[in-house]
Each structure stands twice: as structure tokens, then as C-alpha cells.
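Inspection log for the structure reproduced underneath, given as C-alpha cells.
The values are calculated or read from the model by the stated rules, or taken from the named source; none is laboratory data. A quick note: this is a predicted structure, and the numbers were derived from the prediction, not measured. Because the Cβ atoms are built from the backbone with ideal geometry, glycine has one as well, and the counts that use them run over all protein chains shown. With ligands, DNA and RNA removed, areas are computed over all heavy atoms of the protein, side chains included. Shrake-Rupley method; radii C 1.70, N 1.55, O 1.52, S 1.80 Å.
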Amino acid sequence: MDLEVRHLKLVRSVNTHGSLTRAGAELHLTQSALSHQLRDIELRLGSALFLRVGKRMVLTPAGEQLLRSAVEVLATIERTEEAIRRMAVAGGGVLRISTECYTCYHWLPSLLKEYRRAHPRVEIQVVGEATQHPLPYLLDGRLDLAIVSDPVRDRRLVTRRLFDTEMVVIVAPRHPLATQPYVRVEDFADETLIIYPPKEESSVYQEVLVPAGVRPAELQQIQLTEAIIELVKAGLGIAVLARWAVAPHVKAGTLRAVPLTRRGYRRTWSAATLKDMARVPYVRNFIDLVARHPPLAAGR
């Protein structure tokens, strides 16, 4: 095997910094030593990995392919090393988590409080920027655990089913749909529907409306759950959210929650991790805790 870990680190660092000098400083090597390593790996592979464009080192197509593998392999090695260190420190470590839906963060604080009582040496980090697309963060090693509702088809990841959620149509108390036993798909044609962006990733839009050939009278894409709820309260549209997420507003009488279709509409939530992280005890324990304590009304 011609490739070594040092070669992968070299390609990653030179690509990041754009020069051998700055990459050498990061890797604690002289420019001459780094240049020698680069020539060595290019000779072994029989292909140039970088071109010099002005003062910057730019990847060739072969270099781009090697970089993709380098990022994945180095991330796996670094995660494995960190996992082993964590296991050696009496259950200590860092658990970076995120969810695929902004609404899910509403129920995390009480869960984290209970988890910390059992694992005081584990630092919990909520990675909010991974909310929209947590799976790339998992694969890049920037996240340890994602709570997702979309199917996971990447074989590098493992999932465990956590809970099912009933999705309901929320409307203002005086909205005509508020007194119906359920909302038909055709009813959306006369309404302003508020969804999370982008619409191409909206489950209700893509899984319910598009197959039925129904288009809302107007479609608004709003990022924040709180903003969606306030717009619906004001009678400026309707939305489809998890029943447990809107339960306090329904109880207070500021919203009505109506089943979506006669059969109802549900989504399944799962925990997704890389295979090596799934074996870390405190990661498994967190997943067990979520499975035992799903969000309020998730199973109704």
C-alpha cells in the first residue's frame, strides 16, 4: 500500500492552506520536507496532485479524489482515537448532537438534565448549524448523533428507531377547518400553507400534496417554528407540525390541531450515528434515554 496517514494529512493541509509553507507550519515540517513528501507520493501514485496557480497550490482531479478519501479516512481515525480516549477516562467525553427539525430542540433541555445526572463527565454540545442537514455533519466527523425523521440510506451510518409522531394541521381557532374532524388533502388547495424551507425537502408537501396533485393557493417558507405558529395564530395561513410541539398552544386555546386525512399522518424518528460511535457506551445510553422518553404526546 503506497498511501500512508502522513500523506493524507499532507493533502488535506495543503488544500486547506494553499501553500506548502503554511501547511508545513501546521504539520510541524519544513517546506523542504513537505515538498519531498509530496513528490514521493506523486511518484508512487504516478499522478500530480497539485498545480501551482500563482502563489497558491490547487488540486488536480487526482488530488480532488484523494482529498475526498483523505477527509473520510482521517475523520474515522480521529473519531476512533477520541472514542478510545473517552472510554479510558471513566466515562468522560463530548457528545455532539443535533436534530433534523428545529421543533425538536424544545424538548431537549429536560432530557439533557436527566442525562447529565447519569453522565456528569460527558459534555453535551448541541450543534444547531447541523439542523437542516445533519447527515453530512455526521459523515464529516463534526457530529456524533443526529435525531432524524428522513430515511437514512448511507451504509456508513446506523440508525435506531426512537418514536412515532402524529403530524396535525394547525389552524387559528376561528378558521373554517378548526371544526372539521380531519383535513382532507383537497382542502389545502384553498389555503396558504406555511412550511419549513426548502419545499423540496418538506415531507407534507412532497409526500402528501404532490402525489395527490394538490397545490396550495399560496406557499410560504418560514425557517422558525415559533414564527410559523404566530402566523397561524394570526389567521395568515395553516401549517402541519407535530402534535406534541403545539400541545401547549392547543391547551391554551390559541390554536386548533386537526388530524391530517381520515387515517392521520405520522412520521418516524430515529437516532443516526456512525458505526464506531454507536459502540461508545455513553452514546448508546443517550439513545436509550430518548427512546424511553419521547416528546410529550409523540405517541398519541
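Quick check: at a probe of 1.4 Å, how many percent of the accessible area of the stretch 188-297 sits on carbon and sulfur atoms? Carbon and sulfur together cover 51 percent of it. 3J(HN,Hα) couplings calculated from phi for the stretch 9-22 with the Karplus curve 6.51 cos²θ - 1.76 cosθ + 1.60 (θ = phi - 60°) are, in sequence order, 5, 4, 4, 4, 6, 5, 5, 5, 9, x, 8, 5, 5, 5 Hz; Gly and Pro show x. Relative to the 2.2 N^0.38 Å rule of thumb, the stretch 189-300 has a C-alpha radius of gyration ratio of 1.27. Taking every DSSP beta bridge that has both ends in the chain, the antiparallel portion is near 60%.
Computed on the chain, with alpha-carbon pairs under 8 angstrom and 6+ residues apart, the relative contact order is 21 percent. Look at where the Cα atoms of the stretch 14-56 and of the stretch 263-290 average out, and the two centres are 41 Å apart. Restricting the trypsin sites (Lys or Arg not before Pro) of the stretch 164-234 to loop positions (DSSP other than H, G, I, E, B) with no more than 16 neighbouring Cβ atoms within 10 Å leaves ARG174, ARG184. Extent along the principal axes, Cα only, for the stretch 157-226: 44, 27, 23 Å, with the longest axis given first.
Take the convex hull of the alpha carbons in the stretch 89-208; its mean projected area over all directions comes to 10.1 nm². Its DSSP H runs of at least 4 residues, each contributing -39,500 (n - 2.57), put the calculated 222 nm mean residue ellipticity of the chain at -12000 deg cm²/dmol, to the nearest 500.
Computed on protein heavy atoms with a 1.4 Å probe, the accessible areas place LEU255, LEU224 in the order LEU224, LEU255, largest first. Average accessible surface for the stretch 160-221: 52 Å² per residue, computed with a 1.4 Å probe over protein heavy atoms with every protein chain in place. Note on the chain: the alpha carbon radius of gyration divided by the globular reference 2.2 N^0.38 Å gives 1.28.
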